[in-house]
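Chemist: What follows is a single structure, and I will ask about it in a moment.
What follows is calculated from the coordinates using simple rules that are stated; it is not laboratory data. Treat the numbers as computed from the prediction; the structure is a model and nothing was measured. All Cβ positions, glycine included, derive from the backbone under ideal geometry; neighbour counts span all protein chains shown.
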Amino acid sequence: MELQTCRLEVADFIATVTGATGIFDTGDELDVDLAAGRVSNVRTGAALSFRPWCESMLQVWRLGGLAPALRQRVAAADATLQ
C-alpha cells in the first residue's frame, strides 16, 4: 500500500495531510479548518484530518504573521509598564 502525502501550502498556511492526493483532483476547491484540523473537498464533501494548530499559532496567523504578532506583544507589554 502506497502512502500518499500532500503538503498543502495556501498563503501562509502549511500542513501535511496524508491521503490528500486521493480526494482532490486538479482544480478542486478545498475548505480548511486550522483549529479543527480538517481539510475537505468542496465539490465531493470528502474530508481528511491533520494535526490542528494550537491557539498561539492561530493567533499568529490571524494577526498576519510572526512580525505583526511580535509587534502586538511588545506593544501590550509596553502598555502594562506605563
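Chemist: For Leu30, what residues show an amide H to amide H distance below 5 Å, using hydrogens built from the backbone and excluding near sequence neighbours?
Modeler: Val42
Chemist: Report the FRET efficiency, 1/(1 + (r/R0)^6), for Met57 and Asp78, where r is their Cβ-Cβ distance and R0 is 22 Å, rounded to 0.05.
Modeler: 0.40
Chemist: Given labels modelled 7 Å from the Cα in the Cβ direction, how far is it in nm from Ala35 to Ala47?
Modeler: With each label point 7 Å from Cα toward Cβ, the separation is 1.4 nm.
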